[in-house]
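Q: Pasting in a structure now, in structure tokens, and then I'll have a few things to ask.
What follows draws every value from the coordinates through simple rules; no lab data is involved. Computed from a prediction, not measured in an experiment: that's the story for all the values here. Every residue, glycine as well, gets a Cβ built from its backbone with ideal geometry; the counts of neighbours run over all protein chains shown.
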Amino acid sequence: MQDKFIERATHYPLKHGRLSLFETNCSCKDIQFHFKQYVMTLMLSGHKTIESENLKFEFFPGTFFIPEKEKINQVSIPNASFTNPTQCLVLELNPSFLKRVYEDILYAEGTEKLLQNLSKVEAKHHFLSNDHLLINAFKRLYDIQLNDNADCKPLIDELVVKEIIYRLFSTEGMALLKHNFKKSIEDDCIRRVINYISLNISQKITIEELTKLAGIGQTTFFKLFKKATGATPVEYILKERIRQAKIMIQKGRFSLKEIAYKSGFNSYEYFCSSFKKIEGLNPSQLKGEIEVSV
């Protein structure tokens, strides 16, 4: 006699996270679940109705879904059986790995169009997609867990996971996943401004355009910005330029003069003096320390 189970999980450990298959072989109603961070999910077979405070939708195969984190979701499965089980994949990734892949794209050459697209995107409560290339990559990751025992499997896993992230990069899905590794700013207008600064750091950024983007008066904007970040907009922009410059130095893909330009400084001399003021050493000293350690 077969056992009935509302949910059975099979876990596949990855180098930077975990892929899980959740399977149900009987009907159920109003089962609650929630995730502590944003995860990626994909229906393989069957059908679920998912309902939360901000969403109600029918989850069928061929749909990629990032549910809202830290919110109670209720799921109903009306038609699952022994012969027709509901199967759903869930991909959880370490925030540090997500951050590294995100920064790899952010500071790669030839990503200007991607960054322009991302600068227009704001995270909603959840993300849904029917992109067949994204879904095929997700299915391929699962197929590798079932069928690939090669010594190079961890490398292949990582390549496919990166493909999934790359395909999400300029979508609302990536905007959600960023919350797994970035400090959450509760105020919508300030979060919008900070996202704009991060994606336009190589360009001239004025207080006037930031105030306009926030959609509030300048005095209120300064007050809310300082409360959310602990710095004035000018201080924050300078620190963000230096932070991004440090990442580019560590990656070793550009010369220091290129990095100065890419991080938004008008002159190399001002870049060096600002870097030393904030970090306590010159950019060339940091670069030398990194090269010696490697």
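Q: Structure shown: which of 48/182; 204/246; 36/183; 153/287; 178/251 lie over 22 Å apart, alpha-carbon to alpha-carbon?
A: From 48/182; 204/246; 36/183; 153/287; 178/251, over 22 Å: 48/182; 153/287.
Q: Let me ask something additional. Can you pull the one-decimal nm distance between simple spin-label points at residue 49 and residue 203, each 7 Å off the Cα toward Cβ?
A: 4.6
Q: Okay, moving on. How big is the dipole moment of the chain about its Cα centre under a simple scheme where the beta carbon of each Lys and Arg is +1, that of each Asp and Glu is -1, and everything else is neutral? Debye, nearest 20, please.
A: Around 780 debye, computed over the chain.
Q: Please sort by residue number the GluC sites (Glu not before Pro) in the range 160-230 whose DSSP state is loop and whose Cβ has at most 13 other Cβ atoms within 10 Å.
A: Passing sites in the range 160-230 are 186.
Q: Let a ≥ b ≥ c be the square roots of the eigenvalues of the Cα gyration tensor of the range 1-160; is it rounded (a/c under 1.5), or, if not, prolate (a/b larger than b/c) or oblate? Let's see the in-between values first.
A: On the way: a/c = 2.18, a/b = 1.38, b/c = 1.58.
Verdict is oblate for the range 1-160.
Q: Loop-only check: which trypsin sites (Lys or Arg not before Pro) in the range 168-217 are DSSP coil with at most 15 other Cβ within 10 angstrom?
A: On the way: sites: 178, 182, 183, 191, 192, 204, 212; in loops: 182, 183, 204.
When the trypsin sites (Lys or Arg not before Pro) of the range 168-217 are filtered for loop state and at most 15 Cβ neighbours within 10 Å, 183, 204 remain.
Q: Sticking with this one: With unit charges on the beta carbon (Lys/Arg positive, Asp/Glu negative), name the residue among 275, 62, 149 whose Cα is farthest towards the positive pole of the charge dipole of the chain.
A: Positive-most Cα among the choices belongs to 275.
Q: Starting from the Cα of residue 253, step 7 Å along the direction of its Cβ; do the same at residue 112; then give the gap between the two resulting points in nm.
A: Inter-label distance under the simple model: 1.5 nm.
Q: Output needed: percent of Cα pairs per 10 Å distance bin for the range 95-184, bins running from 0 to the one holding the longest distance.
A: Values per bin, smallest distances first: 15, 44, 32, 9, 0.
Q: Would you be so kind as to identify which of 197, 263, 247 lies farthest towards the positive end of the dipole of the range 193-279, taking Lys and Arg as +1 and Asp and Glu as -1 on Cβ and the Cα centre as origin?
A: Positive-most Cα among the choices belongs to 247.
Q: Taking the Cα centre as origin and putting +1 on Lys and Arg beta-carbons and -1 on Asp and Glu beta-carbons, what dipole magnitude results for the range 238-294, to the nearest 20 debye? Don't skip to the answer; put the middle values down first.
A: Details: 11 positive and 6 negative charges, 36 e Å.
Magnitude of the dipole: close to 180 debye.
Q: Students often get this wrong, so check it: of 15/262; 71/212; 15/139, which have C-alpha atoms separated by over 28 Å?
A: 15/262; 71/212
Q: Run the numbers for residue 290 and residue 143: contour at 0.36 nm per residue of separation, minus the present Cα-Cα distance, in nm. Before the final figure, lay out each step's value.
A: Numbers: separation 147, 0.36 × 147 = 52.92 nm, distance 3.89 nm.
Gain in length upon complete extension: 49.0 nm.
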